[in-house]
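The values are calculated or read from the model by the stated rules, or taken from the named source; none is laboratory data. This structure is a prediction, so every number in the text was calculated from the model and none was measured. A quick note on method: Cβ atoms are made from the backbone with ideal geometry, for glycine too, and the neighbour counts reach across all protein chains shown. Ligands, DNA and RNA are stripped out before the accessible areas are found, and what is left, the full protein with its side chains, is counted by its heavy atoms. Shrake-Rupley method; radii C 1.70, N 1.55, O 1.52, S 1.80 Å.
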Amino acid sequence: MTTTDQWPVLIIDDEEDIRDVTALTLQDAGYLVETAPDGAVGLARCEQFAPRIVITDIRMPGMDGIQVLEAIKRRFPDTEVIVATAFGEMGVAIRALQLDASDFITKPIHTEAMMVALERARHRYSTRRQLKDYTRQLEKGLTRTTRQLEETAAFQERLIESSMDGILGCDHNGKVVTFNRSMEQMLGLDRAGVMHRATLAHFFSHAEYRRFQEDLSAPGHGGVNRLMLYDTRLLDHQQRPVPVQLSAAVLMEAARATGLVCFCRDLRRIHRLEQEMADQARLLHQDKMMSLGRLAASVAHEINNPLAGILNYIRLMLRTFEKGPVSADKQSQFARYLALVETETDRCSKIVASLLTFSRRSPVSVGPVSVNGILERSIVLARHRLELGHVTLVTRIPDHLPDVNGDANQLQQCLLNLIFNAVDAMPDGGTLTLAGASEENPGIVVIRVSDTGIGIREEDMAHIFEPFYTTKQEGHGIGLGLSTTYGIIGRHGGSLTAASQPGRGTTFEIRLPVEAAVINSPGGVA
């Protein structure tokens with residue numbers, strides 16, 4: 001407890017001798033003392049002196065002790081007040097205690113009684129201050145805890161509302177208590193009409209809800225009272241089924257089910273994407289088959305010529321054998337024939353191998369792709385088509401272009417599309433130039449396909465990569481070649497651009513990164 005010399009005490013009494021004697025007694029005890037002759041002066045001294053304890057006479061002219069007590073408690077609630085009463089005024093003393101006086105003493109004032117009253121007042125003052133400090137700390141802590149709880153609740157609410165998956169929560173009676181924005185959008189239902197009104201069964205058909213309940217209580221879908229990635233159908237506001245993938249868990253407390261939470265992912269968009277990807281793969285294969293059809297006649301002629309030569313050499317040798325033993329001169333001649341047969345057979349084998357590789361509908365395969373290799377195979381497959389179209393081929397391809405990562409079959413399809421488009425753009429013949437280059441920083445491989453054909457009109461340039469956009473006559477194309485090529489190159493992390501001058505020709509430029517690309521879609525690279 002604080003020492004007495006730090007305790008200011010104010011004595012209010014209209015009798016001067018009592019004031020003086022009491023003041024001397026308290027000063028001797030170590031108190032800091034001030035006096036006042038009446039209540040009005042006493043209140044003024046309270047403003048100036050700020051006493052912790054006031055001893056006031058109960059009977060004073062103008063303002064009695066009860067009035068002083070009330071005024072002090074109203075203006076200085078922490079100040080302790082001791083009232084001095086005459087003997088026999090117990091009713092007044094009780095009234096003072098009811099008004100929060102700390103104690104009362106009777107006149108004549110005895111030093112021992114006054115010291116006891118002062119000690120009680122000091123203890124009461126200190127206790128009251130400690131309680132106020134403790135209460136203030138509790139209030140501050142409560143305010144901080146309340147704020148933290150409010151922030152946590154608000155954060156959890158934002159998490160629930162921001163979730164792209166629908167979140168539906170039910171209490172132990174099955175009534176909906178959580179229904180986030182994604183659930184509203186998914187089912188077209190207003191939250192106000194659902195919360196605390198609808199039950200979980202409201203969102204299922206009878207058969208689907210029965211299956212849901214059975215699977216939830218069984219261990220086969222993530223454990224008892226749990227469902228993981230469970231495919232089902234919910235009913236929207238028009239009672240139409242909505243395919244969803246649902247994860248659910250029964251909420252438990254003290255071994256008792258208190259509710260259920262469901263996380264629902266709308267599968268409609270995923271199904272649409274799957275269909276679009278399937279359509280894309282189908283269009284890609286369709287375009288490949290169209291390119292294959294365009295190759296068929298060219299390859300047939302390309303193979304027929306060496307086969308005819310091979311057949312003639314074999315027939316010639318058979319007729320020679322039928323005439324009798326073969327002379328040394330004939331053996332030397334047959335050796336030359338067989339070398340030509342071997343060369344022509346090897347050429348046929350390469351053409352057929354390239355054609356089979358291109359036509360095979362195989363899974364997408366990612367790996368290092370030799371740019372020189374796909375350029376060489378494309379030239380082999382397109383050579384006869386170029387000859388039939390009276391197109392001169394010029395190549396400007398370095399021997400060792402860097403490999404790129406991707407699907408060789410798709411990249412070759414892109415290159416053949418560009419080559420055939422170039423041939424179609426030169427109906428009266430011309431020059432097709434295949435060029436390759438590499439750029440070190442960043443690592444890029446560049447392939448250019450240039451023709452001297454009719455070119456592309458300026459108004460058509462903005463649309464040439466759009467699906468089904470074509471400037472060819474009906475029956476000569478459906479507008480998928482360039483759009484397919486553009487998509488494949490883009491999914492390889494590259495770019496396809498075109499520059500053209502009507503009447504002077506067109507150049508298509510493929511730019512592919514040397515670093516790895518990642519396949520993530522059917523028939524495509526991303």
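Scanning segment 119-167 for residues being modelled with pLDDT under 85 and either in contact with a Gly (Cβ under 8 Å, 6 or more places away or on another chain) or β-branched (Val, Ile, Thr) (or both) gives a total of 6.
The residue that is least open to solvent (accessible area, probe 1.4 Å), counting only those in segment 214-262 that are touching a residue at least 40 places away in the same chain (Cβ under 8 Å) and part of a loop (DSSP other than H, G, I, E, B), is Asp236.
For segment 152-193, enumerate the residues that are under 16 Å from the mean Cα position of the chain (by Cα), more than 19 Å from Arg268 (Cα to Cα) and small (Gly, Ala, Ser). Please lay out each step first, then the result.
Keep residues of segment 152-193 that are under 16 Å from the mean Cα position of the chain (by Cα), which gives 158-166, 182.
Remaining after also requiring more than 19 Å from Arg268 (Cα to Cα): 158-162.
Hit for segment 152-193 is Ser162, nothing else.
Taken over segment 168-183, the criterion of being out of contact with any Gly (no Cβ under 7 Å at 6 or more places or on another chain) and open to solvent by 40 Å² or more (accessible area, probe 1.4 Å) is satisfied by Asn173, Lys175, Arg181. Tell me yes or no: at least one residue of segment 64-73 is part of a helix (DSSP H, G or I), without any contact (Cβ under 8 Å) to a residue 24 or more places away in the chain, among the acidic types (Asp, Glu) and open to solvent by 40 Å² or more (accessible area, probe 1.4 Å). Looking for residues that are part of a helix (DSSP H, G or I), without any contact (Cβ under 8 Å) to a residue 24 or more places away in the chain, among the acidic types (Asp, Glu) and open to solvent by 40 Å² or more (accessible area, probe 1.4 Å), one finds none in segment 64-73, hence no. Of the residues making up segment 188-201, those that are out of contact with any helix residue (DSSP H, G or I) (no Cβ under 7 Å at 6 or more places or on another chain) and either within 14 Å of Glu157 (Cα to Cα) or in contact (Cβ under 8 Å) with a residue 12 or more places away in the chain (or both) number 9. Report yes if some residue within segment 278-287 is in a helix (DSSP H, G or I), modelled with pLDDT of 80 or more and either closer than 30 Å to Leu168 by Cα or more than 32 Å from the chain's Cα centre (by Cα) (or both); otherwise report no. So far as segment 278-287 goes, no, none of its residues is in a helix (DSSP H, G or I), modelled with pLDDT of 80 or more and either closer than 30 Å to Leu168 by Cα or more than 32 Å from the chain's Cα centre (by Cα) (or both).
Results for (1) within 24 Å of Glu89 (Cα to Cα); (2) touching a helix residue (DSSP H, G or I) at 6+ places or on another chain (Cβ under 7 Å), shown as yes or no for each residue.
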position: Trp7; (1), (2): no, yes
position: Arg19; (1), (2): yes, no
position: Thr25; (1), (2): no, yes
position: Ala29; (1), (2): no, yes
position: Ala36; (1), (2): yes, yes
position: Arg45; (1), (2): no, no
position: Phe49; (1), (2): no, no
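Criterion first (part of a helix (DSSP H, G or I), touching a residue at least 24 places away in the same chain (Cβ under 8 Å) and among the hydroxyl-bearing types (Ser, Thr, Tyr)) does Tyr125 satisfy it? Yes; evaluated as a whole, the condition is true for this residue.
Pairs are defined by a Cβ separation below 6 Å, a sequence spacing of at least 6 or placement on different chains, a first member in segment 39-60 that is in a loop (DSSP other than H, G, I, E, B), and a second member that is surrounded by fewer than 23 Cβ atoms within 10 Å (Cβ to Cβ) and hydroxyl-bearing (Ser, Thr, Tyr); the pairs so defined are Arg52/Tyr125; Ile58/Thr85. Scan segment 422-434 and tell me whether some residue there is out of contact with any Gly (no Cβ under 6 Å at 6 or more places or on another chain), surrounded by fewer than 23 Cβ atoms within 10 Å (Cβ to Cβ) and in a helix (DSSP H, G or I). Yes, that holds for at least one residue. When both residues are 6+ apart or on different chains and their Cβ atoms are under 8 Å apart, which pairs have a first residue that lies in segment 495-512 and is part of a loop (DSSP other than H, G, I, E, B), and a second that is surrounded by 14 or more Cβ atoms within 10 Å (Cβ to Cβ)? Cβ pairs passing all conditions: Pro502/Ile454; Pro502/Gly455; Pro502/Ile456; Gly503/Ile454; Gly503/Gly455; Arg504/Thr452; Arg504/Gly455.
Apart from one condition, Leu118 fits all of (1) surrounded by 15 or more Cβ atoms within 10 Å (Cβ to Cβ); (2) of a type in the set (A, V, I, L, M, F, W, C); (3) assigned to a loop (DSSP other than H, G, I, E, B); the exception is (3). Quick check on my filter: what residues within segment 248-266 are hydrophobic (A, V, I, L, M, F, W, C) and more than 27 Å from the chain's Cα centre (by Cα)? Selection gives Met252, Ala254, Ala255, Ala257.
Listed here are the residues, each with its yes/no results for (1) among the charged types (D, E, K, R); (2) modelled with pLDDT under 90; (3) open to solvent by less than 50 Å² (accessible area, probe 1.4 Å).
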site	(1), (2), (3)
Glu15	yes, yes, no
Thr22	no, no, yes
Gln27	no, no, no
Tyr31	no, no, yes
Ala36	no, no, yes
Gly39	no, yes, yes
Gln48	no, no, no
Ile55	no, no, yes
Ile58	no, yes, yes
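Only residues that are over 22 Å from Gln245 (Cβ atoms), among the hydrophobic types (A, V, I, L, M, F, W, C) and touching a strand residue (DSSP E or B) at 6+ places or on another chain (Cβ under 9 Å) were counted in segment 139-192, giving 1. All conditions but one from (1) of a type outside the set (Phe, Trp, Tyr); (2) assigned to a loop (DSSP other than H, G, I, E, B); (3) open to solvent by 100 Å² or more (accessible area, probe 1.4 Å); (4) touching a residue at least 24 places away in the same chain (Cβ under 8 Å) apply to Arg265; the one that does not is (2).
Test of understanding: among Leu99, Leu43, which residue is at pLDDT 90 or above and either crowded, with 18+ Cβ neighbours inside 10 Å or among the aliphatic types (A, V, I, L, M) (or both)?
Values: Leu99 fails: at pLDDT 90 or above.
Only one candidate passes the filter, namely Leu43.
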